[in-house]
Each structure stands twice: as C-alpha cells, then as structure tokens.
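The next block holds one structure in the form of structure tokens; read it before the comments.
What follows is calculated from the coordinates using simple rules that are stated; it is not laboratory data. Everything numeric in this text was worked out from a predicted model, so none of it was measured. Don't worry about glycine lacking a Cβ; one is built from the backbone with ideal geometry, like all the others, and counts go over all protein chains shown.
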Amino acid sequence: MIGQYDPVQSIRNSTRIDFEGHDGLTSFDIMHYRMSNRVVEGRMVTPERLAELVEGERPLEAESIEDADRPCPECGENVISVGYMPSVTEFVTAYKCQECSWSETDR
Ligand SMILES: [Zn+2]
C-alpha cells in the first residue's frame, strides 16, 4: 500500500456504498462503519454479504466481521471470519480471504 491509509476516502471510493449527501459523517460513524464492514476482493461487504459469499445463500443472521489471525492458504493474505446462522438450528463460522476467492467454513 502506498501512502497513508485514509478510511474516509476508502469508504467513499467503495463502489457498493453510496455516500452522497453523507458529508456529515463523524469519526465515530466511520469507526462504527469500519467495525462491521470490510473490503473483500476489492469490495466493501457487510457481515450478511460476506456470509452470503461463502454460503451461497443469505443467512438469517450474521455477526460482526473479525480478523481470523491466519494467512490465506492460497495467497498468504489476510483472512477474516464471520459467524452466521444459515438456518434456525445451525451456527457456522465462515473464513474468507480478503484478496482471493478462497473460503471455508467450520462445518
Ligand atoms: Zn487468498
């Protein structure tokens, strides 16, 4: 990465989120936003969207995205995890590389 990381610019650059008219964003808003949404394969995703990427279907519920503290076995980049409920009787943790298409679940 070149230069300093600017979270505000990073979010504005995201093609999936429309921030028009949201110039009043406070640093708290940004912090809160960054806690639950992450960039995966160049796109900003919500926990629900991340679970959907791995599962193939939208979950009933998804928790916050977290760092998995392990490198991707395919490309060595950062892996993130999200816990979600694909059905009322099941809770699954999914792992997804932020840079490539690698993913796995703890099923
Ligand atoms: Zn990878």
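Values as computed for the structure displayed
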{"read-out": "S87, sole failed condition from (1) within 16 Å of the ligand (Cβ to nearest atom); (2) closer than 18 Å to E48 by Cβ; (3) out of contact with any strand residue (DSSP E or B) (no Cβ under 9 Å at 6 or more places or on another chain); (4) of a type in the set (S, T, N, Q)", "value": "(1)"}
{"read-out": "Failed criterion for Y95 (all others in (1) more than 9 Å from the ligand (Cβ to nearest atom); (2) more than 13 Å from the chain's Cα centre (by Cα); (3) aromatic (F, W, Y) hold)", "value": "(2)"}
{"read-out": "Within segment 49-84, considering residues that are among the acidic types (D, E) and within 15 Å of the chain's Cα centre (by Cα), the one nearest to the ligand (Cβ to nearest atom)", "value": "E77"}
{"read-out": "Contacts under 6 angstrom Cβ, first residue in segment 81-106 being surrounded by fewer than 16 Cβ atoms within 10 Å (Cβ to Cβ), partner in a strand (DSSP E or B) and charged (D, E, K, R), 6 or more apart", "value": "M85/E61"}
